[in-house]
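What follows is a set of notes on a single structure, which appears directly below.
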Amino acid sequence: MDASRPAGSALDLAVPVGREETGTGDGTAGRPRRQAPAQVRGLDGLRGLAALYVVLFHCWLYTFPGYPHSSAPPWLGGLMFGRLAVVFFLVLSGFSLAISPARHGWRPSGVGEFLRRRAWRILPPYWAALALSLLVSWFVVPASHFGPPTGATVLVYGLVAQDMVTAPTPNGAFWSIGVEAELYLLFPLLLLVRRRWGAAILAASVTLPVVALGLTAPGAHPVEGDNWLAPHLAPVFAAGVAGAGIVTASERVRRLPWGWFAVLAALPVLALGAVRGSAWTVDHYFWIDLAVAPAMTMLLAAVATGRPAVLVRLLTARPVHGLGGFSYSLYLIHLPVVLAVIRRVAPHFVAPGLPTFWFTLSVGLPVSVVSAWLFSKVFEIPFKRNRSWKTFVAARSGA
C-alpha cells in the first residue's frame, strides 16, 4: 500500500443558501438563527494547503527510502505524515457535503440526485487522471513496486473499486478515491441518523464499532492492508458531517473558542507522537486517525465561524484560495510528475538523497502545480460550473 494514503476529494464548497433555520430539536426552537453565509470562507484554502502538503510528502517519501524509518534528515520529519492529510480531507469532505443539508434540517436533496452529482463531480477528472497515470506507469516510470499496471488495473481502478479489490496501482494516491466513493454511499444514512437522533448518536454509532474492531485485534493493534479502509475511516468522515452543524448553530455556540478547542484536542495526540516517535505514530495510524479527527473537526468549526481572523485571512488570500480551487486536480496528477522527476530526471543532474530532494522541490513541485492548474481547466472546473451534460454542452457551444 502506498505510504501516503492524501488527498481525498472534499470538493464542492459553494453550497446553496438554505432557508433561515428556527430550530432543529436542540433546545433553540423558536429562536431565529443568524443566517450563515452561502459560502464558508477559508475551507478552499485549507483544502489547497493540505494538497500542497501531500505533494511535499511524496517528494520526501520517494526521495528517502525506508519509510517509516526514513533515511531523511531528522529536520524533515514533519513531512512524513501524509496519511493525516488524507484524514483531514475526509473530515473536510464530510463537513463540506453536509453544509447544505444542515441548512435544510439535515434533509438531503435525494439519494439518487446526490450520487449523480458526486459522480459528475468526481469521475471525469479522476478518469482523465487515470488515463494519464496509466500512460506514465507504462512508458515512463512504474507507480508501484508490484510492477506496471495490468488489465485488472484498468478494470478495478476504472470502476473505482480499488478499496475492495487489489490490483497493481497506476497512481499511489488513488487509494483514497475508492474510500471516498464508498463513504458517499454511506452519506445519506449518516444524514438520517443526524436528523433523527443528533450529532452524539451519529458519532457514537459510527465510531464505537470501529473502536471495538480495533480492540479485538491481537494486542489491540490492527494491521491495515491495501483494501477495505473505508470502514476504519468512516468515523472521521462522520465527524465532519456532525461538525457541519456549526453553520446553523445558535450564536452562543458559534462564539465558543473552537480554535482553542482544536488545539486542546490535538495536544494529547501530538504529545503521544512526540514521546513514542514518528515510526510508532505511523505504525498506529488506526488509532491516531480516530484520535485526531475531533481536533480537525473543531478546526473546521473555527474557520466556519471566522476565527481566528488571522488564519481566515491567510486561507482566503488569493494564492491560497486559488490553490484550493484546483486541489483535486493537484492531488490526482502530482504523483506521476514527482516520480518521473525523482527516478528519471534527477539522477542525470544530482546525487541521491538531499540533493535529489531539493531538485524535486525546485522542478517537480512547480511542474505539478502548473500541470494541475492546466489539467483542472479541461477536466475539473468545467464539471464544477456545469451540473449536467445539457449545461456542459451548452457552455461548450457558447464558448
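The values are calculated or read from the model by the stated rules, or taken from the named source; none is laboratory data. What you see is a predicted model; the values in this text were computed from it and never measured. Here the Cβ positions follow ideal geometry from the backbone for every residue, glycine too, while neighbour counts run over all protein chains shown. Calculation scope for accessible area: heavy atoms of the full protein, side chains included, ligands and nucleic acids excluded. Shrake-Rupley method; radii C 1.70, N 1.55, O 1.52, S 1.80 Å.
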Mind listing which trypsin sites (Lys or Arg not before Pro) in region 292-399 are in a DSSP loop and have 15 or fewer other Cβ atoms within 10 Å?
387
If you count only protein heavy atoms with a 1.4 Å probe, what accessible area per residue comes out for region 61-127, rounded to a whole Å²?
36
Label model pair residue 161, residue 138: point-to-point distance (7 angstrom along the Cα→beta-carbon line) in nm is 2.1
Can you give me the solvent accessible area of residue 373 with a 1.4 Å probe, rounded to the nearest 10 Å²?
110
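When N is the residue count of region 182-266, what does its C-alpha Rg come to as a fraction of 2.2 N^0.38 Å?
Values: Rg = 15.2 Å, N = 85, 2.2 N^0.38 = 11.9 Å.
Cα-based Rg divided by the globular estimate yields 1.28.
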Quick one: with all protein chains in place, what share of the accessible area of the chain is carbon or sulfur, to the nearest percent (1.4 Å probe)?
69
Give the shape of the chain as rounded, prolate or oblate, defined through the alpha-carbon gyration tensor: a ≥ b ≥ c are the square roots of its eigenvalues, a/c under 1.5 means rounded, and otherwise the shape is prolate if a/b is larger than b/c and oblate if not.
prolate
If we restrict to alpha carbons, what Rg and Dmax does region 127-193 come to, in Å?
13.6, 48
Listed residues 332, 84 arranged by accessible area, highest first, probe 1.4 Å:
84, 332
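How large is the Kirkwood hydrodynamic radius of region 68-184, in angstrom, based on all distinct alpha carbon pairs? All intermediate terms of the calculation are to be shown ahead of the outcome.
On the way: mean 1/r = 0.0608 Å⁻¹.
Computed over Cα pairs of region 68-184, the Kirkwood hydrodynamic radius comes out at 16.4 Å.
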At 0.36 nm per residue, minus the direct Cα-Cα distance, what do residue 76 and residue 388 gain on full extension? Give it in nm, one decimal, please.
107.9 nm
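Semi-axes, largest first, in whole Å: what does sqrt of 5 times each Cα gyration tensor eigenvalue give for region 39-135? Could the numbers behind the result be given before it?
Working: eigenvalues 221, 69, 22 Å².
In descending order the semi-axes read 33, 19, 10 Å.
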